[in-house]
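See structure below.
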Amino acid sequence: MPDLQVARTTPVRSRAHYRHFLAIPTRWMDNDAYGHVNNVTCYSYFDTVVNEHLIRAGGLDIVSGPAIGLVVETGCTFRKPLSFPEIVDAGLAVARLGTSSVVYAIGLFRAQDDESAATGRFVHVWVDRATQRPVALPARIRAALEPLRVDEA
């Protein structure tokens, strides 16, 4: 399948831009009728790389932790098709680390490819689980995200 020619709303990023990677195998059901990974599935890959890092490195307790990250914004620019069967390398970086919010930069890469097939933006606002009111990022989460910070200029 040829590379997709699309409007470039986000800059093309190489693997070097991202600070953490997670290999995600595509599944047969990820392909749509056009033979490539459906755009909705790419968003699930975004969610997977972010939450894997928060749980593993930041100790996020998704069941009973007092603070949770709510997704308030997402976006994606698709550049090249992905398809089953292949491994997607999901790259993660932090574009902005605020008091109660985080802006993630995410790149989805084919194996051995240095240019992203898809580039995404994913925004979390941290809230108190019970009240749903914004709270400061938990210290352990902030410590896990600090090393992922990049300059988005």
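Quick notes on this one:
- When Gly35, Gly59 are screened for being more than 12 Å from the chain's Cα centre (by Cα) and under 17 Å from Leu137 (Cβ atoms), only Gly59 passes.
- Filter result (open to solvent by less than 20 Å² (accessible area, probe 1.4 Å), under 18 Å from Leu148 (Cα atoms) and within 14 Å of the chain's Cα centre (by Cα)) within the range 66-108: Ala90, Gly91, Leu92, Ala93, Val94, Val102, Val103, Tyr104, Ala105, Ile106, Gly107, Leu108
- Evaluating Leu92 against the criteria (1) at pLDDT 95 or above; (2) assigned to a loop (DSSP other than H, G, I, E, B) leaves one unmet condition, (2).
- Some residue of the range 116-126 being out of contact with any strand residue (DSSP E or B) (no Cβ under 6 Å at 6 or more places or on another chain) and of a type outside the set (Phe, Trp, Tyr): no
- Residue identified as among the hydrophobic types (A, V, I, L, M, F, W, C), over 13 Å from the mean Cα position of the chain (by Cα), modelled with pLDDT under 95 and closer than 16 Å to Ala23 by Cα among Ala111, Ala153: Ala111
- Hits in the range 60-80 (condition: under 22 Å from Gly91 (Cβ atoms) and not in a strand (DSSP E or B)): Leu60, Arg79, Lys80
- Out of Thr131, Thr119, Thr99, one residue alone is of a type in the set (Ser, Thr, Tyr) and touching a Cys at 6+ places or on another chain (Cβ under 9 Å). It is Thr119.
- Test: residue in the range 124-143 that is open to solvent by 50 Å² or more (accessible area, probe 1.4 Å), within 16 Å of the chain's Cα centre (by Cα) and in contact (Cβ under 8 Å) with a residue 40 or more places away in the chain: no
The values are calculated or read from the model by the stated rules, or taken from the named source; none is laboratory data. Remember, predicted model here, so these are calculated numbers, not experimental data. Note that we place each Cβ from the backbone using ideal geometry, even for glycine, and neighbour counts take in every protein chain shown. Heavy atoms of the whole protein, side chains included, go into the accessibility calculation; ligands, DNA and RNA do not. Shrake-Rupley method; radii C 1.70, N 1.55, O 1.52, S 1.80 Å.
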